[in-house]
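Student: Below are the structure tokens for one structure; questions will follow.
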Amino acid sequence: MTRIVAQSVTNVPIVVQDLDDSPASRDLIDAFRASLTFHVAPWRPDRRPDEALTQTAARAVLIVPKGFGRAIARGTAAPVQLLVDGSDANTATLVSGNATTVVQAYNARTVGGNAAPPVQAAIRLWFNPGASSAKFYGPGIFVMALSIFPPLLATLAMAKEGEQKTILQVYVSSISAHEFLLGKILAFVGVALAEAAVLVLLLLTDFGVGFAGDPTPFLAATLQAVAFGGFLLVMLLSGLLFPIANIPAGLRWISNIVWGRYYIEVVRDALLQGGGWAATWYKVLIIGGIGGVFYGVAWRTMRRMQLRD
């Protein structure tokens with residue numbers, strides 16, 4: 001898990017594509033492996049390295065070109081490329097800075113302080129090349145708005161039914177718990193989807209983002225997410241405002257059962273990364289599973305009240 005503490009990052013997963021496979025290239029890779037900032041994650045050599053960013057298997061990719069070792073031996077410029085996931089502009093800046101520090105330390109150890117540094121890191125921000133904060137916060141604002149207003153409307157409606165005692169008519173009627181709950185959920189989903197459509201329009205116009213790939217995971221996750229809410233947990237424990245790694249360890253486990261944690265990742269993938277189902281299928285399933293648990297609890301409670309009467 002990537003940790004971000006006091007403007008520093010540790011344990012950032014990075015994959016490496018070594019096209020040179022020389023002692024010099026392996027030495028450079030070992031420098032990244034020895035750094036506290038990076039963790040070199042396994043990646044099959046037959047797969048494109050940028051797919052690791054799309055599928056969130058890594059936050060950065062180091063590409064060492066052919067001829068790197070010969071350039072080091074000759075004392076000429078030896079450029080390498082570093083692709084950094086720019087969907088989170090702040091973290092991308094920290095990762096880029098730490099990568100530059102590793103390369104500088106490698107140069108100082110290889111040729112000394114007086115010679116010209118041979119290794120030059122060309123850093124490219126993936127998904128968000130302009131490091132726009134709007135593209136990072138836009139999906140977060142979308143999730144936050146969707147987690148506030150529809151649940152609030154549903155809560156007010158249920159509170160009004162309790163005050164007017166109309167809920168008692170449901171308990172003594174022939175309507176089943178499934179029919180009652182599904183009727184409430186469908187009305188709730190209709191309002192939430194209308195709000196989601198307005199919010200998506202704002203994202204496409206004011207925040208300058210668009211669908212980066214297959215939008216169907218986003219649509220499927222949205223349909224599930226609008227069926228239940230929970231503003232406080234989504235706000236504090238989903239990684240929407242700050243990284244989950246910064247949450248105290250005693251509370252961090254709760255984020256594993258907060259639907260917003262997975263939904264914000266699906267939204268960012270749809271609007272920035274474009275990994276599609278391959279990168280988000282399990283997150284969509286988790287959202288649906290959490291929703292199913294909430295529905296099951298509500299059904300059991302409703303059914304018990306009907307049987308009591």
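The values are calculated or read from the model by the stated rules, or taken from the named source; none is laboratory data. Please read these numbers as outputs of a predicted model, since none were measured by experiment. Cβ: placed from backbone, ideal geometry, glycine included. Neighbour counts: every protein chain shown. The area values use the complete protein model at the heavy-atom level, side chains included, leaving out ligands, DNA and RNA. Shrake-Rupley method; radii C 1.70, N 1.55, O 1.52, S 1.80 Å.
Student: Please state which of the following conditions residue 64 fails to meet, knowing it meets all the rest: (1) of a type outside the set (Phe, Trp, Tyr); (2) surrounded by fewer than 18 Cβ atoms within 10 Å (Cβ to Cβ); (3) modelled with pLDDT of 90 or more.
Tutor: (2)
Student: Considering (1) outside any helix (DSSP H, G or I); (2) modelled with pLDDT of 80 or more; (3) exposed (fewer than 12 other Cβ atoms within 10 Å of the Cβ), say which one residue 109 fails and leave the rest.
Tutor: (1)
Student: Okay, next question. Checking residue 78 against (1) touching a helix residue (DSSP H, G or I) at 6+ places or on another chain (Cβ under 7 Å); (2) over 16 Å from residue 119 (Cβ atoms), which test does it fail?
Tutor: Residue 78 satisfies every listed condition except (2).
Student: Please specify each residue of region 93-111 satisfying the condition of being in contact with a helix residue (DSSP H, G or I) (Cβ under 9 Å, 6 or more places away or on another chain) and small (Gly, Ala, Ser).
Tutor: Residues satisfying the conditions are 99, 105.
Student: So which of 125, 36, 53, 28 is surrounded by fewer than 17 Cβ atoms within 10 Å (Cβ to Cβ) and not acidic (Asp, Glu)?
Tutor: Answer to the check: 36.
Student: Would you point out which residue out of 226, 297, 293 is open to solvent by 20 Å² or more (accessible area, probe 1.4 Å), hydrophobic (A, V, I, L, M, F, W, C), modelled with pLDDT under 80 and more than 22 Å from residue 132 (Cβ to Cβ)?
Tutor: Sole residue among the options that is open to solvent by 20 Å² or more (accessible area, probe 1.4 Å), hydrophobic (A, V, I, L, M, F, W, C), modelled with pLDDT under 80 and more than 22 Å from residue 132 (Cβ to Cβ): 297.
Student: Before we move on, is residue 11 open to solvent by 60 Å² or more (accessible area, probe 1.4 Å), of a type in the set (S, T, N, Q), closer than 29 Å to residue 217 by Cα and in contact with a strand residue (DSSP E or B) (Cβ under 7 Å, 6 or more places away or on another chain)? First the steps, then the outcome.
Tutor: Numbers: open to solvent by 60 Å² or more (accessible area, probe 1.4 Å): yes; of a type in the set (S, T, N, Q): yes; closer than 29 Å to residue 217 by Cα: yes; in contact with a strand residue (DSSP E or B) (Cβ under 7 Å, 6 or more places away or on another chain): yes.
When the stated conditions are applied, residue 11 passes them.
Student: Within region 173-182, does at least one residue satisfy the condition of being modelled with pLDDT under 85, closer than 19 Å to residue 290 by Cα, in a helix (DSSP H, G or I) and among the charged types (D, E, K, R)?
Tutor: No, region 173-182 has no match at all.
Student: Okay, moving on. Just need a number here: residues in region 176-209 that are loosely packed, with under 13 Cβ neighbours inside 10 Å and closer than 20 Å to residue 269 by Cβ.
Tutor: So the count comes out to 3.
Student: Another question about this same structure. Taking region 74-96 on its own, how many of its residues are buried (at least 16 other Cβ atoms within 10 Å of the Cβ) and part of a loop (DSSP other than H, G, I, E, B)?
Tutor: 3
Student: Quick check on my filter: what residues within region 33-73 are hydroxyl-bearing (Ser, Thr, Tyr) and assigned to a strand (DSSP E or B)?
Tutor: Matches in region 33-73: none.
Student: Might you let me know whether region 43-65 holds any residue that is among the charged types (D, E, K, R) and over 28 Å from residue 280 (Cβ atoms)?
Tutor: No, because not a single residue in region 43-65 is among the charged types (D, E, K, R) and over 28 Å from residue 280 (Cβ atoms).
Student: Something else about it: Pull out all pairs, ordered by first then second residue, where Cβ-Cβ is under 8 Å, the residues are six or more apart or on different chains, the first lies in region 264-282 and is closer than 17 Å to residue 204 by Cα, and the second is of a type in the set (Asp, Glu) and open to solvent by less than 40 Å² (accessible area, probe 1.4 Å).
Tutor: Listed pairs, sorted by first residue: 273/85.
Student: Restricting attention to region 52-77, which residues are farther than 16 Å from residue 39 by Cβ and charged (D, E, K, R)?
Tutor: 66, 70, 74
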